[in-house]
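S.K.: Quick one: this structure, given as structure tokens, is what I'll be asking you about.
Taken together, the values in this text are just the output of simple stated rules run on the coordinates, not laboratory data. What you are looking at is a predicted structure, and each value in this text was computed from that prediction instead of being measured. Note that each Cβ is placed from the backbone with ideal geometry, even for glycine, and that neighbours are counted across all protein chains shown.
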Amino acid sequence: MTVTIQLAHWGAFEAESDGKRLTAVRPWRGDPAPNPILGNIASAQHHPARIDRPHIRKGWLDGGPGPAERGGEEFVPVSWRTALDLLAGELRRVYSEHGPGAVYGGSYGWSSAGRFHHAQSQVHRFLNTLGGYVRSEQNYSFGASGVLVPRVLGSIGNLLSGTSASVLARHTELFVAFGGLSPKNSAVAPGGIGRHELGSWLSAAHDRGCRFVSVSPLRDDTFGTLGAEWLAPKPGSDTALMLGIAHVLEAEDLCDREFLARCTVGYERFAPYLADKTPEWAERITGIPAERIRSLAREMAASRTLINVSWSLQRQQYGEQPVWMGIVLAAMLGQFGLPGGGFGHGYGSSGDVGKPPTVASAPRLGQGQNPVEDSIPVARIADMLLHPGQRYEFDGQHREYPDIRLVYWAGGNPFHHHQDLARLRRAFARPDTVVVHDPFWTASARHADIVLPTTMAIERDDYGSGGNDPTLFPMPALTEPAGQAKDDYTVFAELAGRLGVAERFTEGRTAGEWLRHLYQDWRDRLATLGHELPGFDEFWSGDPIEVPLYEPERVLLADFRADPRRNPLRTPSGRIEIYSETIAGFGYPDCQGHPMWFEPEEWHSGYPLHLIANQPRTRLHSQLDVGEHSRSAKVADREPVRMHPADAEARRLREGAPVLLHNARGRCLAGLVLSEDVAPGVVQLSTGAWYDPDPEDPAFCGHGNPNVLTADRPSSTLAQACTGQHAMVEISCYDGEPPPLRAHSAPERPGG
Ligand SMILES: Nc1nc2c(c(=O)[nH]1)N[C@H]1C(S)=C(S)[C@@H](COP(=O)(O)OP(=O)(O)OC[C@H]3O[C@@H](n4cnc5c(=O)[nH]c(N)nc54)[C@H](O)[C@@H]3O)O[C@H]1N2
Ligand SMILES: Nc1nc2c(c(=O)[nH]1)N[C@H]1C(S)=C(S)[C@@H](COP(=O)(O)OP(=O)(O)OC[C@H]3O[C@@H](n4cnc5c(=O)[nH]c(N)nc54)[C@H](O)[C@@H]3O)O[C@H]1N2
Ligand SMILES: [Mo]
């Protein structure tokens with residue numbers, strides 16, 4: 001029996017193990033507010049949905065590579081030797097016949113915590129040793145901001161670490177949270193989170209007298225301890241609400257003209273646009289009373305105010321606008337660079353926002369050089385596969401989609417993360433070969449040809465730390481691998497051996513040797529900066545170590561505010577761009593020279609209810625949906641959908657029963673939960689229930705994956721980002737016998 005500490009994206013834990021399985025999991029004792037998602041790990045490890053050995057789709061095994069209807073066929077279990085021989089042969093064929101520009105290795109996804117075995121780094125390094133691959137750019141999380149913010153505020157990295165939460169705790173008087181301040185989301189951070197502290201910093205602000213206004217369709221999106229006022233505008237209308245506030249600031253001369261003149265450009269070109277954006281205009285669009293808009297504007301001008309925009313607001317069509325408009329509002333208030341004031345992006349979206357930066361992020365494996373220049377904005381995956389050669393615009397560039405023959409995915413689940421899954425299924429029928437590495441039979445594994453079983457993080461040695469997180473955790477394996485699972489590194493090393501590039505991929509090191517090498521390298525680098533950290537052996541056998549902070553309390557843009565000439569932003573003007581000549585110059589209809597109100601196309605789809613497809617409370621994305629904690633929230637074996645009791649009554653829907661969500665793109669079942677925390681006219685079905693398509697109808701999911709309902713529609717021509725947060729739907733009773741849940745078991749094998 002051993003007790004060891006491990007790290008997951010949702011927090012650190014201590015586990016006991018008998019060598020094969022975890023016998024007890026407890027939160028790490030250093031964490032003041034652990035995340036209950038920890039309850040998914042042990043129960044998922046040996047679940048039947050685990051992939052026990054390599055598999056090959058029967059049609060591919062019999063007929064070889066080529067376009068095919070993927071997603072319904074049997075898989076044949078094969079030995080590792082057979083799988084890797086066939087895969088090496090196919091990689092050789094595609095690289096020699098079509099070149100690296102025919103391989104899509106974007107492979108978006110979170111995989112597991114643990115820096116060395118980070119699947120993205122592994123697959124990219126491997127494909128680079130073969131000659132490269134078509135990349136993906138930006139992310140699903142904040143793809144619209146990722147393109148917009150550098151153009152109007154400079155570096156997005158600075159914005160995302162933001163003003164330290166401890167500074168907000170002492171200085172903020174009014175915290176206006178567009179998109180709420182979600183306890184569930186801030187309890188997760190990419191790469192992991194040692195101590196969950198945001199809630200306590202915000203509570204400290206509240207106890208000091210800071211007022212919170214939560215602008216969200218869901219009341220319980222904000223920490224209950226903050227006593228927040230709840231405003232629920234029509235989803236997707238935040239830009240109109242902000243314009244109404246801005247109108248009041250301008251009309252009542254509550255703007256900081258000195259700040260606007262000194263630190264921004266283009267206000268004079270934007271201000272005329274505000275003339276008719278009265279609070280009454282905003283009320284007609286948002287449903288928020290004009291009087292409240294007016295009084296809120298006055299309160300914002302009279303207080304040290306932080307405007308926070310959650311990432312969800314930009315995961316929508318025209319998602320650039322609320323972010324840009326939030327920045328403009330904060331500029332009009334003139335509080336950028338003041339402690340506790342200004343603008344924040346994602347407090348409450350991810351646990352790393354508001355953490356002071358450390359001197360260095362955790363050691364990482366180099367990915368090598370990718371000679372292929374082609375890339376796509378990450379959420380254009382289906383467009384790329386469906387329309388090779390088609391032209392498109394992105395961030396001022398004229399581009400063309402490449403012709404992809406082989407798709408290689410390790411550490412992500414596109415049949416979780418992408419929109420309009422029936423369309424994605426058509427796209428996945430196009431390539432010659434699809435390869436997926438995953439520990440589980442996810443929907444993406446089921447749409448692959450070659451499926452290779454990967455270890456979970458608890459089954460291999462690693463170390464880990466989240467971005468900005470000051471704690472670096474040794475992560476020694478807790479158990480042996482389940483079934484025949486191998487870690488991604490070993491698989492790629494074995495493939496590299498078959499392809500004659502072993503030395504280039506491994507540099508002669510085993511995984512264990514890499515851990516030691518990368519750690520020591522990192523430690524030496526920190527020593528030159530004057531920070532002494534323990535040697536590898538001491539680190540490996542001891543408690544997590546603290547990484548020194550670069551700036552323990554940070555105020556976003558304080559230097560810029562103090563002297564914008566000497567500390568310019570990385571924008572063309574060096575200042576905050578209320579009007580961007582660059583963006584205006586692209587001539588896009590859907591993102592112009594300054595923030596504007598655009599009505600979402602989806603509002604005209606003819607369906608009455610606003611679906612909020614937000615992040616799940618009981619898991620990370622689709623990860624470990626088979627685990628106990630995730631399953632404990634299911635209703636009638638389906639993902640829970642929440643709606644207001646009045647909306648349910650009008651439709652004669654019964655709590656606890658399976659209901660059918662539908663629109664013109666698709667249909668799914670979900671289990672009904674009634675709640676007054678959901679605004680009328682809104683329904684909430686989180687992402688992450690494993691896609692369980694009807695064998696005859698890929699647009700029907702029997703389990704509750706909202707991505708059969710969402711549109712594969714870009715945020716705008718500028719950023720081409722994911723808009724999965726919203727869709728318009730109707731909900732009806734489901735009278736039939738619900739189909740059995742198939743997604744949580746292994747697919748069929750020949751002979752049963
Ligand atoms: N409708 C809608 N859709 C959305 C969103 C939304 O708001 N609404 N949000 C989007 C956002 S922000 C994101 S970030 C995406 C998330 O999308 P993804 O990041 O693709 O989702 P995950 O479920 O985290 O997928 C990670 C996969 O990696 C596997 N994995 C774990 N460890 C390893 C490993 O060591 N090796 C390998 N090979 N695999 C491993 C897991 O089993 C899992 O299948 O979803 C997006 N989709
Ligand atoms: N537990 C858990 N935490 C997570 C994740 C997870 O899967 N599980 N995923 C992580 C990832 S990858 C990311 S990118 C972040 C995402 O962080 P966010 O994008 O902030 O998270 P979401 O849960 O999608 O949305 C947050 C809330 O925004 C509100 N909202 C939605 N639409 C609107 C709107 O039009 N107007 C207003 N005012 N509010 C709106 C909804 O009430 C929703 O619950 O979360 C991270 N944290
Ligand atoms: Mo994300």
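S.K.: HN-Hα J couplings of the range 210-219 from phi, Karplus 6.51/-1.76/1.60, θ = phi - 60°, integer Hz, Gly and Pro as x?
M.R.: Along the range 210-219, the couplings run 5, 9, 10, 10, 9, 9, 6, x, 10, 5 Hz.
S.K.: If you don't mind, another one. Could you tell me what a quarter of the Cα convex hull surface of the chain works out to, in nm² with one decimal place? Walk me through the numbers before you get to the answer.
M.R.: Numbers: hull surface 121.7 nm².
Approximately 30.4 nm², given one-decimal rounding.
S.K.: For Asp403 and Asp85, what is the calculated FRET efficiency with R₀ set at 30 Å and r taken between the beta-carbons, to the nearest 0.05? Write down the numbers at each step before the final one.
M.R.: Values: r = 26 Å, r/R0 = 0.88.
Calculated transfer efficiency: 0.70.
S.K.: Quick one: angle between helix 198-208 and the longest Cα principal axis of the chain, in degrees between 0 and 90, rounded to 10, please.
M.R.: It works out to around 20 degrees.
S.K.: At a threshold of 8 angstrom on Cα-Cα distance, excluding pairs fewer than six apart, so keeping six or more, what relative contact order does the chain reach in percent?
M.R.: Working: 1850 pairs, mean separation 157.1, N = 752.
Averaging sequence separation for qualifying contacts and normalising by length gives 21 percent for the chain.
S.K.: Using Cβ-Cβ distances only, list the Cys residues of the chain with no partner cysteine under 4.7 Å, sorted by number.
M.R.: Cys210, Cys255, Cys263, Cys591, Cys722, Cys733
S.K.: Also: According to a simple spin-label model (label point 7 Å from Cα along Cα-to-Cβ), what is the distance in nm between Gln390 and Thr582?
M.R.: About 2.8 nm separates the two model spin labels.
S.K.: What translational diffusion coefficient, to the nearest whole µm²/s, does the range 67-163 have by Stokes-Einstein, given a Kirkwood radius computed over alpha-carbon pairs, a temperature of 37 °C and 0.692 mPa s viscosity?
M.R.: On the way: Rh = 16.9 Å.
The calculation lands on 195 µm²/s.
S.K.: Once R0 is set to 45 Å, what does the formula 1/(1 + (r/R0)^6) return for the Cβ-Cβ distance between Ala360 and His604, expressed as a FRET efficiency to the nearest 0.05?
M.R.: Numbers: r = 50 Å, r/R0 = 1.11.
Efficiency at R0 = 45 Å is approximately 0.35.
S.K.: Follow-up. Give me the distance in nm between label points sitting 7 Å out from Cα along the Cα-to-Cβ direction at Ala204 and Arg516, one decimal.
M.R.: The two pseudo-label positions are separated by 4.2 nm.
S.K.: For the range 679-752, report the % of Cα-Cα distances exceeding 15 Å. Let's see the in-between values first.
M.R.: Details: 1823 of 2701 pairs.
Value for the range 679-752: 67 percent of Cα pairs lie more than 15 Å apart.
S.K.: If R0 is 41 Å, what FRET efficiency do you get for Ser745 and Arg29 from their C-beta distance, rounded to 0.05?
M.R.: The value I calculate is 0.65.
S.K.: OK, next. Taking the Cα centre of each part, how many Å lie between the range 586-620 and the range 272-331?
M.R.: The distance from the Cα centre of the range 586-620 to that of the range 272-331 comes to 16 Å.
S.K.: So if each residue of separation counts as 0.36 nm, and I subtract the Cα-Cα distance between Asp735 and Ala251, what length gain in nm does that give? Please list the in-between numbers first.
M.R.: On the way: separation 484, 0.36 × 484 = 174.24 nm, distance 5.53 nm.
Once the chain is fully extended between Asp735 and Ala251, it gains 168.7 nm.
S.K.: If you count the DSSP beta bridges with both ends in the chain, what percent of them are antiparallel, to the nearest 5? Could the numbers behind the result be given before it?
M.R.: On the way: 48 of 92 bridges.
Here the share of antiparallel DSSP bridges comes out near 50 percent.
S.K.: How long are the semi-axes of the equivalent ellipsoid of the range 385-492, defined as square roots of 5 times the Cα gyration tensor eigenvalues? Whole Å, largest first.
M.R.: Numbers: eigenvalues 207, 79, 28 Å².
The equivalent ellipsoid of the range 385-492 has semi-axes of 32, 20, 12 Å.
S.K.: Ranked highest first by average number of other Cβ atoms within 10 Å, how do 271-281, 50-60, 698-708, 527-537 line up? Could the numbers behind the result be given before it?
M.R.: Working: 271-281: 16.3, 50-60: 20.7, 698-708: 26.1, 527-537: 11.5.
The densest-packed peptide leads the list: 698-708, 50-60, 271-281, 527-537.
S.K.: Using just the Cα positions, wrap the range 1-99 in a convex hull and report its mean projected area in square nanometres, one decimal place.
M.R.: Numbers: hull surface 40.0 nm².
Its Cα hull, projected and averaged over all orientations, spans 10.0 nm².
S.K.: Next question, about the same structure. For Ser155, put the label point 7 Å out on the Cα→Cβ axis and report which residues of the range 456-470 keep their amide N under 20 Å from it.
M.R.: The answer is 466-470, whose backbone nitrogens lie closer than 20 Å to the label point.
S.K.: A follow-up question, please. Report the rotationally averaged projected area of the range 233-346 based on its alpha-carbon convex hull, in square nanometres. List each step's numbers first, then the result.
M.R.: Details: hull surface 26.4 nm².
Answer in nm², one decimal: 6.6.
S.K.: With θ set to phi - 60°, apply the Karplus curve 6.51 cos²θ - 1.76 cosθ + 1.60 along the range 570-583 and write out the HN-Hα couplings as whole Hz, x wherever there is a Gly or Pro.
M.R.: 3J(HN,Hα) across the range 570-583, in whole Hz: 8, 10, x, 8, x, 10, 5, 9, 6, 10, 10, 4, 4, 5.
S.K.: What ranking, highest mean first, results for peptides 475-485, 709-719, 34-44 when packing means the other Cβ atoms within 10 Å averaged over each residue?
M.R.: Values: 475-485: 19.9, 709-719: 23.5, 34-44: 21.5.
Packing proxy ranking, top to bottom: 709-719, 34-44, 475-485.
S.K.: Full extension from Glu649 to Glu16: what is 0.36 nm times the residue separation minus their Cα-Cα distance, to one decimal in nm? Present the calculation step by step, with values, prior to reporting the outcome.
M.R.: Numbers: separation 633, 0.36 × 633 = 227.88 nm, distance 4.81 nm.
Between Glu649 and Glu16, full extension yields 223.1 nm more.
S.K.: Enter the angle in degrees (range 0 to 90, nearest 10) between the Cα long axis of helix 488-498 and the first principal axis of the Cα atoms of the chain, meaning the one along which they spread out most.
M.R.: That helix lies at roughly 50 degrees to the long axis.
S.K.: Now for a separate question. What is the extension gain from Ala664 to Arg292, computed as 0.36 nm multiplied by their sequence separation minus the C-alpha to C-alpha distance, in nm to one decimal?
M.R.: Working: separation 372, 0.36 × 372 = 133.92 nm, distance 3.64 nm.
Stretched fully, the Ala664-Arg292 segment lengthens by 130.3 nm.
S.K.: Per-residue counts of other Cβ atoms within 10 Å, averaged by peptide: what ranking do you get for 112-118, 206-212, highest first? It would help to have the intermediate numbers written out before the result.
M.R.: On the way: 112-118: 26.6, 206-212: 16.4.
Order by mean packing, descending: 112-118, 206-212.
S.K.: Shifting gears a bit: Is there a quick way to get the dipole size of the chain? I mean about its Cα centre, with the Cβ of Lys and Arg at +1 and of Asp and Glu at -1; what is the value in debye to the nearest 20?
M.R.: On the way: 72 positive and 90 negative charges, 61 e Å.
It works out to roughly 300 debye.
S.K.: Which whole-Hz ³J(HN,Hα) couplings does the range 730-736 yield from phi under the Karplus relation 6.51 cos²θ - 1.76 cosθ + 1.60, θ = phi - 60°, glycine and proline marked x?
M.R.: Calculated HN-Hα couplings, in order: 10, 10, 10, 4, 10, 8, x Hz.
S.K.: Determine the distance separating the Cα centre of the range 86-110 from the Cα centre of the range 666-695; give it in Å without decimals.
M.R.: 37 Å
S.K.: Also, I was wondering about something else. Note the angle between two axes, namely the Cα long axis of helix 119-130 and the longest principal axis of the Cα atoms of the chain, as a number of degrees from 0 to 90, rounded to the nearest 10.
M.R.: Tilt of helix 119-130: around 60 degrees.
S.K.: Hey, another quick one. If amide hydrogens are placed 1.01 Å from N in the peptide plane, which non-local residues have theirs closer than 5 Å to the one on Ala482?
M.R.: Here Met456 satisfy the definition.
S.K.: Another question about this same structure. Limiting things to C-alpha atoms, what are the Rg and the maximum Cα-Cα separation (Dmax) for the range 601-733, in angstroms?
M.R.: 14.2, 43
S.K.: Right, next: Taking the alpha-carbon distance from Lys234 and a cut-off under 28 Å, which lysines remain once sequence neighbours fewer than 8 residues away in the same chain are dropped?
M.R.: Within the straight-line limit of under 28 Å, Lys234 reaches these lysines: Lys184, Lys277, Lys634.
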